[in-house]
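Reading through the structure tokens given below for one structure.
The values are calculated or read from the model by the stated rules, or taken from the named source; none is laboratory data. Being a predicted model, the structure only gives us computed values, none of them experimental. Neighbour counts run over all protein chains shown; Cβ positions are idealised from the backbone, glycine included. Heavy atoms of the whole protein, side chains included, go into the accessibility calculation; ligands, DNA and RNA do not. Shrake-Rupley method; radii C 1.70, N 1.55, O 1.52, S 1.80 Å.
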Amino acid sequence: MPRGRGARRRSSRKWVNIVVAPAAFEALENLPSPLTPFVGREAEVASLCSLLRQDEIRLVTLTGPGGIGKTRLALRVASDLRHEFADGVRFISLAAVTDPDLLPVTIAGALGVREESHWSALTALMDALRNRHQLLVLDNLERLVDGAGVITDLLTACTGMKVVATSRTRLRLRGEHERPVPPLTLPPPRGAEAEPVLDYDAVRLFVDRARGVDPSFAITTTNAAVVAEICRQLDGLPLAIELAGARVKVLSPDALLARLTNRLRVLTGGPRDLPERQRTLRDTIAWSHDLLDREEQILFRRLAVFAGGFTLEAAEGVCAGGSDASAEAQRGQPIRSSSLASLARITALDTPVLDLLGGLVDDSLLQGSELRAGEPRFSMLETVREYALERLAESGEEAAIRAWHAAWFLDVAEQAEAELAGPHQITWLSRLEADHENLRSALNWSSTGGDAGIGLRLASALWRFWAPRGHLREGREWLERALLTGDDAPPETRAKALHHLGNLALDLDDYPRAEAAYEASLHLWRAHGNERGVAAALNGLGLVASNRGDYREAMRLHGEALDLRRKHGDRYGITLSLHNLGNVARDEGDYERARALHEEVVERRRELGDLAGLAYSSWILGQLAAGQGDADAAGQRFEEGLRLFREVGDKLGIGYTLVDLARLAHQQGDDKQAVSRYREALTLRREMGDQRGVVECLEGLASVALAQGQPEHAVQLLGGADAWREAAGAPLPPAARAGHLQEIADASAALGESRFAMAWKTGRATPLEETIAVGEAIQVAGPVAADDATPDLPPNAGLTTRELEVLRLFAAGHDSFEVADLLFISRRTVTTHSSNILAKLGVNSRAAAVGAALRLGLV
């Protein structure tokens, strides 16, 4: 139909007359020209441009929370594509429109389609755009989703049109391709692999906006870590980072970071020419919050209690509210803990939590994350969570919700306590690690005015979690605090907690504290006539005595525990006491008695059908045979133990046995087999997150490296292991210290004092993941199997002299700033060399590059 002809559209509010103004319509482009640079997002821009170049892709919706940068990204994509549309691109802001019925009229007005009689706005638009090859950018559609169907009508009629929409929620239209806008890239936390902070978009944006108010601002070795932490605290959210960067005029980075405990109060004062909702972070989040319905708002504030994310099951258990039956129905399973059953009730949600969660994800107030064992996790950006916590405090529900949260995670921890000794260790260690921040939050609440009894039980139940993940000191501190605040807890609860505190102190080689904790536990058990508890406390005291070398006292204590366990017919306890008596005999050097005791333990465990226990007995008997110099018998026992550990799925036991088999192979001169066993154990322990086990493997590989004439690599491994042990509070076992000191002395003699000191310093300064790469690169002299052969590479792997210099400095533990200073080149040049090195070696990280360089003899 010709332009200018019209028809009438009946509106619920008025008659609208439409006419097309050709002259106005010919203004093909109106993209705003931003006054600040577009920073980063190269990958997102490239991906979206590629998507929109596909003929079948007509509608792309950029979603995300307020302040994530949807509009700026849409404008950049439109700008990059403007020459690919014959009729250009048009930008239409819809932020001021609140009535979905006015969407077609607003689009028509923005495109120069004027009001006249006879035609509806949508019909006139379709007629005007029918032959156009044009890209429309429709900005801020979240309040107009009920009327967004007109976009589908428009695209159906106008085959040359494409639309990029921005919205805090998806439009739910046919043919829609939703692309959530992620936060800006962030540097890794402290302790992660060192990378230049200016390689990350969030830091680059902060610097750019800071220079807008202070042209002299620059990233230095002094402030780099602080600026990186500011960006992490702000979740990589562009609006928050821009507001923070502008504060540099009056606050140093250190002072700014200190004030970010209250982000919403600090991040205000945005430019006056921005919409009011974008001038403060609070107003930006409130805009999204106010679009939620009542029950979504209730769930939103309740979910703020979770720190570091949560599962659907946890959200249902903590936030559904109502009676036991209501909560049970939401979760689809019964309450497992009396702790939950006794809590104060909160208002029940009528809508299933699953449905409400979906709405919050759609509205970009929650993020879904990767599946854990088939179950999704959800999380809030911390900036959003702070706002939700304010709403929770205002609601009057905070005390009750925090109590439900703590009780839920007590339930989880008490299930985990038993599971961590069984075949599902990895699953439960991973589950607890995923909820580490929630556990900390619950423990903190419990000890600062919450339910101290819940806190004591929670800290106690987690004792098996702390050690494998390198959290021994943290676990001990929580237990110490819980014992102080939970002094009115039931005696048996305190006795159990004291016993577990003794276990942690023993692992930390703090024998006085371990002894005191076990003694206090023993006193409580005796006062209440619990002889099983008495036996457990005596067992702990026996372990302390044995570790101190007081074998006579250890024998007495374990013997007394054994008598009590026999009195009560405690078959598992009897077996454990015999096991410990056998270990004391071994440590005394009485191998015959030790062997006899452990053989008895084997028979008892067979009667009990305790395959896991049998595996441990075989492992101990292997250690006894090794101690007596019977390598063949030791190997047989270790292999038997390994088979049983694999059968029951005991990953910790598999790791222990692999390390002992590696040590045995090394002692027999078979370093190739030793390296193979260590590498298998290392892989397993990394999978478990067992950092202590990883360090034991690295120490073993250091022994091999020293024997193979690679003392510098050995010292780097030993230095890295030493730094981890110091930080984690996990010193070497007393029995291993003499051999360890001898290896250090041998390495020092081989390298000389100066080279040894440099290698040791480098090892201590190297992150654990890079130290692992050094360990995995240890080579053993001898014929190389075809599968292990290094592919043909040009001399020096094709690296230039300068690239070799950079690589060697990386291998020595220097970061990009230090390399730039040492070689008198720019940091950007270092980054270029780094990229070339990775490409030429065919790897994707600096740790892998260092490992490849070691294998190739380049360093």
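Summary table below
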quantity	calculated
Residue within the stretch 34-56 that is closer than 25 Å to Leu234 by Cβ, outside any loop (DSSP other than H, G, I, E, B) and either of a type in the set (Ser, Thr, Tyr) or modelled with pLDDT under 85 (or both) present	yes
Single condition Gly669 does not satisfy, out of (1) outside any helix (DSSP H, G or I); (2) open to solvent by less than 20 Å² (accessible area, probe 1.4 Å)	(2)
Filter pass, Ala165 being in contact with a Gly (Cβ under 7 Å, 6 or more places away or on another chain) and buried (at least 23 other Cβ atoms within 10 Å of the Cβ)	no
Counted residues, the stretch 404-439 - those being touching a helix residue (DSSP H, G or I) at 6+ places or on another chain (Cβ under 8 Å), part of a helix (DSSP H, G or I), open to solvent by less than 20 Å² (accessible area, probe 1.4 Å) and not polar (S, T, N, Q)	14
Residue match in the stretch 124-139 (condition: without any contact (Cβ under 8 Å) to a residue 60 or more places away in the chain and closer than 30 Å to Ile241 by Cβ)	yes
Qualifying position, being over 22 Å from Arg494 (Cβ atoms) and either β-branched (Val, Ile, Thr) or free of Cβ contacts under 8 Å to residues at least 40 places away in the same chain (or both), among Trp428, Trp478	Trp428
Helices (runs of 4 or more DSSP H) contained entirely in the stretch 66-177, each with at least 2 residues that are among the charged types (D, E, K, R) and modelled with pLDDT of 85 or more	70-81
Within the stretch 88-113, considering residues that are open to solvent by 30 Å² or more (accessible area, probe 1.4 Å) and over 44 Å from the mean Cα position of the chain (by Cα), the one farthest from Leu75 (Cα to Cα)	Asp101
All helices (runs of 4 or more DSSP H) inside the stretch 559-649 with 1 or more residues being hydrophobic (A, V, I, L, M, F, W, C), more than 41 Å from the chain's Cα centre (by Cα) and under 18 Å from Asn539 (Cα atoms)	571-588, 591-608
Which numbered condition Gly627 fails, given (1) open to solvent by 30 Å² or more (accessible area, probe 1.4 Å); (2) small (Gly, Ala, Ser); (3) free of Cβ contacts under 8 Å to residues at least 24 places away in the same chain	(3)
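Conditions (1) modelled with pLDDT of 95 or more; (2) outside any helix (DSSP H, G or I), marked per residue:
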{"residue": "Ile454", "(1), (2)": "no, no"}
{"residue": "Arg473", "(1), (2)": "no, no"}
{"residue": "Arg476", "(1), (2)": "no, no"}
{"residue": "Ala482", "(1), (2)": "no, no"}
{"residue": "Glu492", "(1), (2)": "no, no"}
{"residue": "Leu504", "(1), (2)": "no, no"}
{"residue": "Asp509", "(1), (2)": "no, yes"}
{"residue": "Ala520", "(1), (2)": "yes, no"}
